[in-house]
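Data first, discussion second: the structure below is written as structure tokens.
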Amino acid sequence: MADKTERERAHRVIAENRKARHDYHVLETWEVGIVLLGTEVKAIREGRVNLRDSYARVEDGEVFLYNVNISPYSHRGYADHEPLRRRKLLLHRDEIRKLIGKTVEKGLTLVPVRMYFKNGRVKIAVSVAKGKKDYDKRETIKRRETDRETRAAVKSRR
């Protein structure tokens, strides 16, 4: 197995929003920073974060992340944070303008897909996504099962 590059070693996934890939067609993805408190960063390092049912919204020229559950840090003293508070995302002004243009379109929303460490800093992959219909979800499941069956058949032939 080849050694990982320095970039791959610095990039460590903390949490992934698999439900987002099931519920949405992911169109475009941005890497953004996030404003956090110290106890939140320590809790994230422990893996106490959940991205399910979270979303982002543009308000007054700023982007905020909602419903990300960061559980309290285990060794906290007097310092504590609210688990479901809204958190500000860090983007450049022109990127925010692009996001405003995309989310004004009908049916498009901002969904966090993945949270990871990059060079010691917490980053979030935020995607512009369009909601899937029920028949799209069933079609995706059917395609996944047929792919799995064909891989099993090829593997058994060897």
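The values are calculated or read from the model by the stated rules, or taken from the named source; none is laboratory data. Fair warning: this is a prediction, and the values are worked out from it, not measured in the lab. Glycine also receives a Cβ, built like all others from the backbone with ideal geometry; neighbour counts cover every protein chain displayed. Accessible surface is based on the protein model in full, side chains and every heavy atom, while ligands, DNA and RNA are left aside. Shrake-Rupley method; radii C 1.70, N 1.55, O 1.52, S 1.80 Å.
Would you mind calculating the relative contact order of the chain from Cα pairs under 8 angstrom and at least 6 residues apart, reporting the percent as a whole number?
31
In the chain, what percent of the accessible surface is made up of carbon and sulfur (1.4 Å probe, ligands and nucleic acids excluded)?
The value for the chain is 45 percent carbon and sulfur by accessible area.
Using the per-residue mean of other Cβ atoms lying within 10 Å as a proxy for protection, in what order, highest first, do the peptides 142-148, 127-133 fall?
Most protected by this proxy first, the peptides run 127-133, 142-148.
Just the accessible area per residue of the chain, please: how many Å² with a 1.4 Å probe?
Heavy-atom SASA per residue in the chain reads 70 Å².
If you put +1 on each Lys and Arg Cβ and -1 on each Asp and Glu Cβ, how big is the dipole of the chain around its Cα centre, in Debye rounded to 20?
Using only the charged Cβ atoms, the result is roughly 660 debye.
Under the rule of -39500 (n - 2.57) per DSSP H run of 4 or more residues, summed and divided by the residues of the chain, what mean residue ellipticity at 222 nm is obtained, to the nearest 500 deg cm²/dmol?
-10500 deg cm²/dmol
Considering only the other residues whose Cβ falls under 10 Å of the Cβ of VAL128, what net charge follows from Lys and Arg at +1 and Asp and Glu at -1?
Net local charge, VAL128 excluded: +1.
Please list, in chain and number order, the residues 5+ apart from ASN69 or on another chain whose amide H is under 5 Å from its amide H, with Hs placed from the backbone.
Under 5 Å from the amide H of ASN69 lie the amide H atoms of ASN50, each far enough along the sequence or on another chain.
For the chain, what percent of Cα pairs sit more than 24 Å apart?
Summing the P(r) of the chain above 24 Å gives 46 percent of all pairs.
Output the relative contact order of the stretch 52-125, whole-number percent, from Cα pairs under 8 angstrom with separation of 6+ residues.
28
Under a Cβ-Cβ cut-off of 14 Å, what is the net charge of the residues other than ASP147 that fall near it, where Lys and Arg count +1 and Asp and Glu count -1?
Counting the neighbours of ASP147, the net charge comes to +3.
Only sites in a loop by DSSP and with at most 11 other Cβ atoms within 10 Å count here; which chymotrypsin sites (Phe, Trp or Tyr not before Pro) in the stretch 74-158 make the cut?
TYR78
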